[in-house]
Amino acid sequence: MAYPINEKIRNLTPYEPITGQYPIRLDANESFRQTPPSILTQITESLSSLSLNRYPDPYCTELCKSFAGYYGVNTENVTAWNGSDELISVLNQSFLMKGETVMTLSPDFSMYRFYCGIAETKCVEYQKKPDFSIQIDELISLVKKHHVRMLIFSNPCNPTSIGLKREDIRRLAHSVNCLVALDEAYMDFWDQTMLREVEDFDNLIVLRTSSKAVGAAAIRLGFAVTNKTLTRTLKAVKSPYNVNTVTQIIGSVLFNNKEWLNSSTQQIIASKNELYSMLKQTEKNRPEKIQVYDGVTNFVFVKTGEAKRFYQALLKKGIAIRCLGEYLRISAGTAEENREFIKCFESVL
Ligand SMILES: *Cc1c(COP(=O)(O)O)cnc(C)c1O
């Protein structure tokens, strides 16, 4: 008997990250900051009291307290997840019925669409303007026209690095009656967070991650910050023991080290600014070859007719960046990594 795999997953292929050994990794927007020995010691000590035989705390009480303390929000508004990825998946599966409509923006983070496919929700896109700006009124009327049940997008945006100001987000979220899932994966690098306003909205969920500024992509940790009603619903629909104890312990230690997190974030911003100015200089010398976008994240977005050639030539030199059509996305690295990148980039140019 043949086993037929269902239609919605039959043609999916496993996610393929860049494999192979590249000494300089500027492709995934991770933090380049190494966790200092003093914090690693705190982690080791906290892990030594781990009850390996017991299920984790289903509500991640200590972890959510530490997160709330760092960001100045209320613990009752916070839930923890296995990366924002798990949360995006749960939003699609639980807050929408099969066939209902999700709106994403284009270009934006590709995982939004992926989880729509799995949840059998319908994904429609708002196309950003040629300069990647978003026309809020146009977006609002499109949400209404398509009877959208969830609007999800990143702010600031991956991959454009452009951000929408708080007043725009407020107006948007107040003008629609769908769920607004605001992915603030890069908001540590900017100052327009909506984290502390979630109680003003009955339809706003802010997504945060530990994979970027917090420098903990390895432990798969993300958060939802939303009003108490939606927090209760999120707790009701999640798998009971979703975040493992090791992740809870490490995450809690990290968020308790506020000064280190703050200084680390500042250093990443400084590195991005440096990378941006170097690329701007390159653009000035060869304006016909590249166009460099200003942004508010930890990466720089570049337009070039030869994206693929740059990407492949840099890989050969041991430098991984991200290639998206006719665009390149380069994460900020250490000062040495940035310099090595620019040197190789100009030689390829
Ligand atoms: C990197 C990134 C995330 C983080 O996802 P995790 O699953 O928490 O690692 C979320 N959203 C966007 C837009 C990102 O770029």
Residues of segment 312-328 satisfying the condition of being in contact (Cβ under 8 Å) with a residue 40 or more places away in the chain, touching a strand residue (DSSP E or B) at 6+ places or on another chain (Cβ under 9 Å) and either crowded, with 19+ Cβ neighbours inside 10 Å or outside any strand (DSSP E or B) (or both)
GLY318, ILE319, ALA320, ILE321, ARG322
One residue from ILE140, ILE118 being among the β-branched types (Val, Ile, Thr) and within 20 Å of GLU86 (Cβ to Cβ):
ILE118
Single condition CYS64 does not satisfy, out of (1) without any contact (Cβ under 8 Å) to a residue 12 or more places away in the chain; (2) within 30 Å of ALA119 (Cα to Cα); (3) not hydroxyl-bearing (Ser, Thr, Tyr):
(1)
If MET103 meets every condition in (1) crowded, with 18+ Cβ neighbours inside 10 Å; (2) more than 21 Å from MET194 (Cβ to Cβ); (3) away from the ligand (no atom under 15 Å from the Cβ) apart from one, which number is that one?
(2)
Among the strands (runs of 3 or more DSSP E) contained in segment 216-311, which hold 2 or more residues that are at pLDDT 95 or above and closer than 29 Å to GLU326 by Cβ?
290-292, 299-304
Go through segment 143-159 and report how many residues are assigned to a strand (DSSP E or B) and more than 9 Å from the ligand (Cβ to nearest atom).
3
When (1) buried (at least 16 other Cβ atoms within 10 Å of the Cβ); (2) in a loop (DSSP other than H, G, I, E, B); (3) of a type in the set (D, E, K, R) are applied to GLU62, the one that fails is (2)
Leading residue by the ranking (nearest to SER175 (Cα to Cα)) among those in segment 194-239 that are basic (Lys, Arg) and more than 16 Å from the ligand (Cβ to nearest atom):
ARG196
Over segment 173-193, the set of residues within 15 Å of the ligand (Cβ to nearest atom), among the aliphatic types (A, V, I, L, M) and not in a strand (DSSP E or B) is ALA185, MET187
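Looking at this structure, is GLU76 more than 15 Å from the ligand (Cβ to nearest atom), touching a residue at least 40 places away in the same chain (Cβ under 8 Å) and outside any loop (DSSP other than H, G, I, E, B)?
Values: more than 15 Å from the ligand (Cβ to nearest atom): yes; touching a residue at least 40 places away in the same chain (Cβ under 8 Å): yes; outside any loop (DSSP other than H, G, I, E, B): yes.
For GLU76, the condition - more than 15 Å from the ligand (Cβ to nearest atom), touching a residue at least 40 places away in the same chain (Cβ under 8 Å) and outside any loop (DSSP other than H, G, I, E, B) - is met.
Give me a count of the residues in segment 250-266 that are surrounded by fewer than 16 Cβ atoms within 10 Å (Cβ to Cβ) and in contact (Cβ under 8 Å) with a residue 24 or more places away in the chain. Can you show your working first?
Residues of segment 250-266 surrounded by fewer than 16 Cβ atoms within 10 Å (Cβ to Cβ): 258-259, 262-263, 266.
Those still in the list that are in contact (Cβ under 8 Å) with a residue 24 or more places away in the chain too: 258.
Of the residues in that region, 1 qualify.
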With the condition kept exactly as written, say whether any residue in segment 22-29 is touching a Lys or Arg at 6+ places or on another chain (Cβ under 7 Å) and touching a residue at least 24 places away in the same chain (Cβ under 8 Å).
yes
Determine which member of the set ILE205, ILE169 is in a strand (DSSP E or B), touching a strand residue (DSSP E or B) at 6+ places or on another chain (Cβ under 9 Å) and at pLDDT 95 or above.
ILE205
Segment 140-169, subset under 20 Å from PHE189 (Cα atoms) and among the small types (Gly, Ala, Ser), residue surrounded by the most Cβ atoms within 10 Å (Cβ to Cβ):
SER154
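Identify all residues within segment 221-249 that are among the small types (Gly, Ala, Ser) and surrounded by fewer than 22 Cβ atoms within 10 Å (Cβ to Cβ); write none if there are none.
First, pick out the residues of segment 221-249 that are among the small types (Gly, Ala, Ser): 222, 224, 236, 239.
The answer is ALA236, SER239.
How about segment 106-125: which of its residues are within 16 Å of the ligand (Cβ to nearest atom) and part of a strand (DSSP E or B)? Please lay out each step first, then the result.
Residues of segment 106-125 within 16 Å of the ligand (Cβ to nearest atom): 106-116, 118, 123, 125.
Once the filter is applied, which keeps residues that are within 16 Å of the ligand (Cβ to nearest atom) and part of a strand (DSSP E or B), segment 106-125 yields SER106, CYS123, GLU125.
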Where GLN93 falls short, out of the listed (1) in a helix (DSSP H, G or I); (2) within 16 Å of THR209 (Cα to Cα):
(2)
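The values are calculated or read from the model by the stated rules, or taken from the named source; none is laboratory data. Here the structure is a predicted model, which means the values were calculated and not measured. Here Cβ is always computed from backbone atoms with ideal geometry, including for glycine, and neighbour counts include all displayed protein chains.
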